[in-house]
Amino acid sequence: MLFSLLFIGCDDMKSLMSLIPKFESSLPNVISGKFAYYENETDQSQRIYTELYEFDPINRTFTHSVAGEDEERKGSYTYAYSDFIITECNGFLTLAYEDGTSAAYAFKYEATAVGGPVSITLRQDNVDKVLIFEP
Amino acid sequence: MYGTMKKLAMILLMVLFAVSAYADEIIEAEEPSGIKIEEESTNNRSSYDPDTYDYTFGLIPTEELDIYFASHLYMDTTMLYGYPTIGATWDIGLGVDTVTIAAYVKYAHFFKPLGSGTGNLYIAEEMTEIGLSFKVRAYELGRFNVSFGINTGWYQQWLMHYSSANTYSLVNNGLMIRPEASIGWNWIGRWNMEIGLFYQTPLYPTYEGYNGWGVFIKLV
């Protein structure tokens, strides 16, 4: 009984410890959540996306789906900031797909303190692709 | 690099000259009443109180400096992003007559991170700071007194992003400067109740979000 109490105590301790916030000296990962690419404003107003990216900041993985294609591509991503001022930051983003291909972008992230994330602009070969945040 | 070192050396020399000149002025000014300079032929050192006798400079203080240990706890609130924060500061140091020099730690909690209560971007914000404070009691009238001071410390802005609950990330940090003025009431012994006003600004690198006025009250 004492032995089991000890284990219960350990579990409680773990639960308690998980409540204590962690402090990290690194900048937060803002590449998080769903971002959609729309061909035009009409599509955006009707929420008919052409591409949809979903970023998981904990595991640093993503899914990329394209309208009209059944297959959803998955992979992991890495990022590095070149400039960070809370509601706007720039950097580089690399998407490594599970099939072995990868895509490297320069990115610009924009957000507001009240509304949250607004968009991520991905730039590749001087072509911008604006991904709109999907709440 | 060499030029910078040369400039620093020049500044250091100037500071040393200024300090030594100031020290000389104090000794000369206080000689008749406060401190008298020992004569060269004095042989009866044993006749002086060894606790107050300063053999290093050959000075015999006739009035002891009031040196005391000081530790205080303050509560404060600062207007940042247009909303008040709640914070506390604990300091520990030395008081010499009317001057207090102390090391401090400060913490401030933001009820509205970045001025927003939506939690759509950041769900929590805290500020911590460690530094040194310098305070002078400039005026006294009976039990009432007026003090001026300055805190200089290294602050850290901790933000919790909506995507990483329970983890604070260090976003801005740097040199904070916080001039302050306070009025006090010397209640019992050394217990000086104080209420004051301060302005804080991150000096380097500059971060406008943490510029703001605040008030503090000394608890103990």
Query raised in the report: What pairs come up if the first residue lies in the stretch A:47-73 and is touching a residue at least 12 places away in the same chain (Cβ under 8 Å) and farther than 18 Å from residue A:134 by Cα, the second is of a type in the set (Asp, Glu) and open to solvent by 40 Å² or more (accessible area, probe 1.4 Å), and their beta carbons are under 8 Å apart, counting only those six or more places apart or on different chains?
Result: A:73/A:98; A:73/A:99
Query raised in the report: If residue B:177 passes every condition in (1) more than 21 Å from residue A:117 (Cα to Cα); (2) modelled with pLDDT under 95; (3) β-branched (Val, Ile, Thr) but one, which one does it miss?
Result: (2)
Query raised in the report: Within the stretch B:208-217, can one find any residue that is at pLDDT 95 or above and of a type in the set (Val, Ile, Thr)?
Result: yes
Report task. Considering each residue of the stretch A:44-65, count those that are among the β-branched types (Val, Ile, Thr), within 14 Å of chain B (Cβ to nearest Cβ) and in a loop (DSSP other than H, G, I, E, B), and give that number. Result -> 1
Query - Matching residues, the stretch B:148-159, being of a type in the set (A, V, I, L, M, F, W, C) and either more than 14 Å from chain A (Cβ to nearest Cβ) or open to solvent by 20 Å² or more (accessible area, probe 1.4 Å) (or both) - result: B:148, B:150, B:154, B:158
Query raised in the report: residue B:143 versus (1) open to solvent by less than 20 Å² (accessible area, probe 1.4 Å); (2) more than 14 Å from chain A (Cβ to nearest Cβ); (3) over 19 Å from the mean Cα position of the chain (by Cα): which is the lone unmet condition?
Result: (1)
Query raised in the report: Checking residue B:184 against (1) under 18 Å from the mean Cα position of the chain (by Cα); (2) within 14 Å of another protein chain (Cβ to nearest Cβ), which single condition isn't satisfied?
Result: (2)
**Report entry** Conditions (1) exposed (fewer than 10 other Cβ atoms within 10 Å of the Cβ); (2) within 11 Å of chain B (Cβ to nearest Cβ); number of the one not met by residue A:27
**Finding:** (1)
Query raised in the report: Does residue B:155 satisfy the condition of being more than 20 Å from the chain's Cα centre (by Cα) and either small (Gly, Ala, Ser) or part of a strand (DSSP E or B) (or both)?
Result: no
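Considering only the stretch B:65-94, state which residues are open to solvent by 50 Å² or more (accessible area, probe 1.4 Å), hydrophobic (A, V, I, L, M, F, W, C) and either closer than 11 Å to residue B:109 by Cβ or under 19 Å from the mean Cα position of the chain (by Cα) (or both).
Those that are open to solvent by 50 Å² or more (accessible area, probe 1.4 Å), hydrophobic (A, V, I, L, M, F, W, C) and either closer than 11 Å to residue B:109 by Cβ or under 19 Å from the mean Cα position of the chain (by Cα) (or both): B:67, B:69, B:73, B:75, B:86, B:90, B:92, B:94.
Just to be sure I understand, how many residues within the stretch A:105-135 are more than 14 Å from every other protein chain (Cβ to nearest Cβ), open to solvent by 60 Å² or more (accessible area, probe 1.4 Å) and part of a strand (DSSP E or B)?
Here is the first cut: in the stretch A:105-135, the residues more than 14 Å from every other protein chain (Cβ to nearest Cβ) are A:105-108, A:121-132.
Then keep just the ones that are open to solvent by 60 Å² or more (accessible area, probe 1.4 Å); that gives A:108, A:123-128, A:130.
Then drop every residue that is not part of a strand (DSSP E or B), which leaves A:108, A:123-124, A:127-128, A:130.
Going through the stretch A:105-135 one residue at a time, the tally reaches 6.
The values are calculated or read from the model by the stated rules, or taken from the named source; none is laboratory data. In this text, all values refer to a predicted model and were calculated from it rather than measured experimentally. Quick reminder, even Gly has a Cβ in these numbers, built from the backbone with ideal geometry, and neighbours come from all protein chains shown. Ligands, DNA and RNA are stripped out before the accessible areas are found, and what is left, the full protein with its side chains, is counted by its heavy atoms. Shrake-Rupley method; radii C 1.70, N 1.55, O 1.52, S 1.80 Å.
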